[in-house]
Amino acid sequence: MVWSRMRDEAQTPEEGEDERLLARIAAGEQPALVRLIDRHGRGLRLFATRYLGNPDDAEDVVQDVFVAVWKRAGRFDPARGRATTWLYRITANRCVDLRRWRALRAFIGLDEVAETLRASSVDADSRLSARQELAAVREGLARLPERQRMALLLRAVADLDVPAIAEVMGTSTGSVEQLLVRARRTLRQLTAGGRKNEQEEGMT
């Protein structure tokens, strides 16, 4: 009984450190963020790597997680759960978002852009160009007609087949197929247009 109580008392400060660190981060203390990264960065990277199957993607996810922690630490509520759980929930959500984006990117034919981003041998200009291309796709999605955007996201992100999409949207399979063709063509044109504009700007 005495040993059990001593063990619990010894664990409490360690278990509460994450909560204290988040409170300090919310107050703008950068050393507290560094300490939190030291405590959990490796575990979060391992989790993300095993989920995504790519260490480079996992590194990007974890960096994004800690940027979010820096901005949102004040929103953490210890009454709703442990800090560790909160960190892993953010990481899991980022992993899911990345997988959805990768599915969308593959569906519209931008796998070569992904390879450019992952290749360690490309120069900084190439990486910047690839990221700009992905940004153009995101912007293009927002500019698509509503029904084209809905059909494309249901197919590429939700992974529904054409009959299921037709049922969701209350239309025919033929209409869905046309929506998907138009959405893909529009996004490709927008992406190609972005590359052309960048090249023209570079020549002026």
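The values are calculated or read from the model by the stated rules, or taken from the named source; none is laboratory data. Please read all numbers here as calculations on a predicted model, not as lab measurements. Every residue, glycine as well, gets a Cβ built from its backbone with ideal geometry; the counts of neighbours run over all protein chains shown. The area values use the complete protein model at the heavy-atom level, side chains included, leaving out ligands, DNA and RNA. Shrake-Rupley method; radii C 1.70, N 1.55, O 1.52, S 1.80 Å.
Answer yes or no: is there a residue in the stretch 45-52 that is in contact with a Cys (Cβ under 7 Å, 6 or more places away or on another chain), open to solvent by less than 20 Å² (accessible area, probe 1.4 Å) and at pLDDT below 90.
At the first step, the residues of the stretch 45-52 found to be in contact with a Cys (Cβ under 7 Å, 6 or more places away or on another chain) are 48, 51-52.
So of that shortlist, the ones also open to solvent by less than 20 Å² (accessible area, probe 1.4 Å) come out as 48, 52.
Next, only the ones that are at pLDDT below 90 stay: 52.
Scanning the stretch 45-52, I find at least one residue that is in contact with a Cys (Cβ under 7 Å, 6 or more places away or on another chain), open to solvent by less than 20 Å² (accessible area, probe 1.4 Å) and at pLDDT below 90, so the answer is yes.
Of the residues making up the stretch 141-159, those that are open to solvent by 50 Å² or more (accessible area, probe 1.4 Å), in a helix (DSSP H, G or I) and either touching a Lys or Arg at 6+ places or on another chain (Cβ under 8 Å) or of a type in the set (A, V, I, L, M) (or both) are Ala142, Met150, Leu153.
To keep it simple, each residue is scored yes or no on (1) at pLDDT 75 or above; (2) touching a strand residue (DSSP E or B) at 6+ places or on another chain (Cβ under 9 Å); (3) within 24 Å of Arg42 (Cβ to Cβ); (4) open to solvent by 30 Å² or more (accessible area, probe 1.4 Å).
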| residue | (1), (2), (3), (4) |
| --- | --- |
| Asp56 | yes, no, yes, yes |
| Val65 | yes, no, yes, no |
| Trp70 | yes, no, yes, yes |
| Arg82 | yes, no, yes, yes |
| Leu87 | yes, no, yes, no |
| Gly109 | no, no, no, no |
| Val122 | no, no, no, yes |
| Arg127 | no, no, no, yes |
| Ala136 | no, no, no, no |
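Of all residue pairs spaced 6 or more apart or on separate chains, those with beta-carbon atoms under 9 Å, a first member in the stretch 52-74 that is of a type in the set (Gly, Ala, Ser) and a second member that is loosely packed, with under 14 Cβ neighbours inside 10 Å are Ala58/Leu46; Ala58/Arg50; Ala73/Ala27; Gly74/Ala27.
To keep it simple, each residue is scored yes or no on (1) of a type in the set (D, E, K, R); (2) over 30 Å from Leu180 (Cβ atoms); (3) at pLDDT below 95.
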position: Arg7; (1), (2), (3): yes, yes, yes
position: Thr12; (1), (2), (3): no, yes, yes
position: Glu17; (1), (2), (3): yes, yes, yes
position: Ile37; (1), (2), (3): no, yes, no
position: Ile90; (1), (2), (3): no, yes, yes
position: Ala103; (1), (2), (3): no, no, yes
position: Ala106; (1), (2), (3): no, no, yes
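Inside the stretch 159-177, can you point out the residues that are within 22 Å of Ala106 (Cα to Cα) and at pLDDT below 90? If the condition is that a residue be within 22 Å of Ala106 (Cα to Cα) and at pLDDT below 90, then Asp159, Leu160, Asp161 are the ones that fit.
Any chance the stretch 88-103 includes a residue that's in a helix (DSSP H, G or I) and touching a residue at least 60 places away in the same chain (Cβ under 8 Å)? If you could, list the steps in order and put the result at the bottom.
Residues of the stretch 88-103 in a helix (DSSP H, G or I): 88-103.
Still in the list and also touching a residue at least 60 places away in the same chain (Cβ under 8 Å): none.
Looking for residues that are in a helix (DSSP H, G or I) and touching a residue at least 60 places away in the same chain (Cβ under 8 Å), one finds none in the stretch 88-103, hence no.
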